[in-house]
Amino acid sequence: MELRNNWYSYISVEPRDFRFSLLQSTSVMEVPIQNNTDYLLDKVVIAVKQAGGASNTEQVTIYNIPPHSVKTGKLQDSPARAPIDFEITKIMSTDMKFIYPGSRSNAMDPYFYK
């Protein structure tokens, strides 16, 4: 419960480490997610909000992030400019019995998932 309720201390997107690479004239942005838990993260979805407002928000989904590791997702056809913001919008870990966003049905452990 402690880990689930403080997930943001253990799971984070690393915006300072994002990179652009050019692949056959297509710009690809790499977005790393850090998993500092003892559990596999089945799925993490990150909203990448780029300059120009909400209409320039795209999502990167990263699957199967091992414990204590960094895994990178890629955003294809990304404009070569720095994003304004990264936001984790979904996380699921069967091993940790965790889902984000959670439920309001259990105030003590709102991110519990079975």
Nitroxide proxy distance, nm - points 7 Å out along Cα→Cβ at residue 49 and residue 105: 3.0
Candidate lysines for bridging to residue 74, where Cα separation is under 21 Å - those fewer than 8 sequence places away on the same chain excluded: 43, 49, 90
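Read-outs: derived from the displayed coordinates by stated rules, not from any lab. Predicted, not measured: the structure shown is a model, and the values here were computed from it. Using ideal geometry, Cβ is built from the backbone for each residue, glycine included, and neighbour counts are taken over all protein chains shown.
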